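Undergrad: Please see the structure below; I have some questions.
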6 protein chains.
Amino acid sequence: MKLSARNQIPGKIKSITEGVVTAEVVIELDGGGDLVSVITRKSVESLGLAVGKRVYAVVKSTEVMVAID
Amino acid sequence: MKLSARNQIPGKIKSITEGVVTAEVVIELDGGGDLVSVITRKSVESLGLAVGKRVYAVVKSTEVMVAID
Amino acid sequence: MKLSARNQIPGKIKSITEGVVTAEVVIELDGGGDLVSVITRKSVESLGLAVGKRVYAVVKSTEVMVAID
Amino acid sequence: MKLSARNQIPGKIKSITEGVVTAEVVIELDGGGDLVSVITRKSVESLGLAVGKRVYAVVKSTEVMVAID
Amino acid sequence: MKLSARNQIPGKIKSITEGVVTAEVVIELDGGGDLVSVITRKSVESLGLAVGKRVYAVVKSTEVMVAID
Amino acid sequence: MKLSARNQIPGKIKSITEGVVTAEVVIELDGGGDLVSVITRKSVESLGLAVGKRVYAVVKSTEVMVAID
């Protein structure tokens, strides 16, 4: 599957915290730094996500803001 | 200002394409790779964004998806 | 690529309207009814989207609201 | 109330999973297939959502991505 | 129609800027201050939006961030 | 930090409900009315959010819909 979302950043999973409905997945980016994702707990299961697994953080462009110091 | 959005990734602006309402801002991340942001053209003006300027790409955690190969 | 976004609805493209930065893509769902997507014009190009092409409308669960009459 | 969000897809509720803050609502679309929504648990209560209830899944166009095989 | 989105703030339209695909609608809130919305130009037409018209700004809770000084 | 998100509405925190992953923060706006935000529980901690604290509700323009009666 090829997706219109233009931001697909490679990394590996550093931690997963599971709630009842949602889960927080922290991704250590290959380029340095962490990215935090909140998805459903069921997606964590269906994708077989686990600490150390290689993944992409995917973000739709309209969801990215810009900030300056 | 300190923001609840936990993803704030440093980089510098590579290109800006302005439409009537929105603008596309491509950010070259310090860690490598590009991130594309779509914000309003007025935000580009009010922040004084320009190619080469140092910025942060900011994303709310609930907007980050996870993908596997 | 397998994505955490759990809503992937099949259909085919009915119309595309391109602006400077964004494009509106109307998808005729296989199950009936249309779904409207706003993505960047560059994604329309990079995916080679055109009227009649088979696609999936993809939506992250946290972006879906519920309404009652 | 008439809403700017152009995607309003009819269906009925198939399941509800409630967490502390959020709830996952699975909607069986009239056109076939399921759509998953994550809203607050309080919205589930205030709308009186329950399995079997007729609802609309509502999505803002800027939240819809497009994918190809 | 009753919607799960819990933020529905009353105001009236102060300005509309229309692009090819999207439109920017500035809403003067009854409680003071402005709120900016970007929706499709077609939604502006189908809702008959115009300067001075009374509207609600509607936001899903998962889209609201919190900031401190 | 100065942010591209153009909606930054002042208020103070009325209540916080914490789940495992997410938290619901209700903000009483200075202009009247409440705004509900769902952020991660860790953001509540890192910002030191508490009932009575002065905050801003921040929303990206592309996340704001418009409704009419």
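The values are calculated or read from the model by the stated rules, or taken from the named source; none is laboratory data. From a predicted model like this one, the values you see are computed outputs, not experimental measurements. Counting neighbours? That spans all protein chains shown, and the Cβs are built from the backbone with ideal geometry, glycine included.
Undergrad: Can you find, within the range C:1-47, the residue that is nearest to B:ILE39 (Cα to Cα) among those that are of a type in the set (A, V, I, L, M) and modelled with pLDDT under 95?
TA: Initial filter on the range C:1-47 (of a type in the set (A, V, I, L, M)): C:1, C:3, C:5, C:9, C:13, C:16, C:20-21, C:23, C:25-27, C:29, C:35-36, C:38-39, C:44, C:47.
With modelled with pLDDT under 95 added as a condition, the list becomes C:1, C:5.
Working: C:MET1: 27, C:ALA5: 23 Å.
Ranking the candidates gives C:ALA5 first.
Undergrad: Also, quick follow-up: Give me the residue from the range A:29-69 that is free of Cβ contacts under 8 Å to residues at least 24 places away in the same chain and polar (S, T, N, Q) and, out of that set, farthest from E:MET65 (Cα to Cα). Even if it seems obvious, please write down each step before you answer.
TA: First pass over the range A:29-69, keeping only residues free of Cβ contacts under 8 Å to residues at least 24 places away in the same chain: A:30-34, A:36-43, A:45-48, A:62-63, A:65-69.
Next cut, polar (S, T, N, Q) only: A:37, A:40, A:43, A:46, A:62.
Working: A:SER37: 15, A:THR40: 19, A:SER43: 24, A:SER46: 28, A:THR62: 16 Å.
That would be A:SER46.
Undergrad: If I ask for residues that are facing chain F (nearest Cβ under 7 Å) and among the hydrophobic types (A, V, I, L, M, F, W, C), which ones from the range E:51-69 would you list?
TA: E:VAL55, E:ALA57, E:VAL58, E:VAL59, E:VAL64, E:MET65, E:VAL66, E:ALA67, E:ILE68
Undergrad: Condition first: assigned to a strand (DSSP E or B) and either in contact with a Phe, Trp or Tyr (Cβ under 9 Å, 6 or more places away or on another chain) or charged (D, E, K, R) (or both). Now tell me which residues in the range D:51-68 satisfy that. Walk me through how you get there before you give the answer.
TA: Within the range D:51-68, the subset assigned to a strand (DSSP E or B) is D:54-59, D:65-68.
Of everything in the range D:51-68, those that are assigned to a strand (DSSP E or B) and either in contact with a Phe, Trp or Tyr (Cβ under 9 Å, 6 or more places away or on another chain) or charged (D, E, K, R) (or both) turn out to be D:ARG54, D:MET65, D:VAL66, D:ALA67, D:ILE68.
Undergrad: Within the range F:22-50, how many residues turn out to be under 9 Å from the mean Cα position of the chain (by Cα), of a type outside the set (D, E, K, R) and either within 24 Å of F:LYS2 (Cβ to Cβ) or at the interface with another protein chain (Cβ under 7 Å from one of its Cβ atoms) (or both)?
TA: Matching residues across the range F:22-50 total 7.
Undergrad: All but one of (1) closer than 30 Å to E:GLU45 by Cβ; (2) among the β-branched types (Val, Ile, Thr); (3) part of a loop (DSSP other than H, G, I, E, B) hold for D:ILE39; which doesn't?
TA: (3)
Undergrad: Which number in (1) surrounded by 21 or more Cβ atoms within 10 Å (Cβ to Cβ); (2) part of a loop (DSSP other than H, G, I, E, B) marks the one condition that E:GLY48 misses?
TA: The number of the failed condition is (1).
Undergrad: Follow-up. Based on this model, can you work out whether E:VAL26 counts as in contact with a strand residue (DSSP E or B) (Cβ under 7 Å, 6 or more places away or on another chain), without any contact (Cβ under 8 Å) to a residue 60 or more places away in the chain and in a strand (DSSP E or B)?
TA: On the way: in contact with a strand residue (DSSP E or B) (Cβ under 7 Å, 6 or more places away or on another chain): yes; without any contact (Cβ under 8 Å) to a residue 60 or more places away in the chain: yes; in a strand (DSSP E or B): yes.
Yes, satisfied.
Undergrad: For the range A:1-42, name all the residues that are over 30 Å from C:VAL21 (Cα atoms) and buried (at least 22 other Cβ atoms within 10 Å of the Cβ).
TA: Pass one, the range A:1-42, residues over 30 Å from C:VAL21 (Cα atoms): A:12-26, A:28, A:40-42.
Scanning the range A:1-42 gives A:VAL21, A:THR22, A:ALA23, A:GLU24, A:VAL25, A:THR40.
Undergrad: A further question on this structure: Any residue at all in the range F:51-61 that is over 11 Å from the mean Cα position of the chain (by Cα), under 22 Å from B:ILE39 (Cβ atoms), buried (at least 23 other Cβ atoms within 10 Å of the Cβ) and not aliphatic (A, V, I, L, M)? Spell out the reasoning first.
TA: First pass over the range F:51-61, keeping only residues over 11 Å from the mean Cα position of the chain (by Cα): F:51-53, F:60-61.
If we keep only those that are under 22 Å from B:ILE39 (Cβ atoms) too, we end up with F:60-61.
Of the ones still in play, those that are also buried (at least 23 other Cβ atoms within 10 Å of the Cβ) are F:60-61.
Those still in the list that are not aliphatic (A, V, I, L, M) too: F:60-61.
Scanning the range F:51-61, I find at least one residue that is over 11 Å from the mean Cα position of the chain (by Cα), under 22 Å from B:ILE39 (Cβ atoms), buried (at least 23 other Cβ atoms within 10 Å of the Cβ) and not aliphatic (A, V, I, L, M), so the answer is yes.
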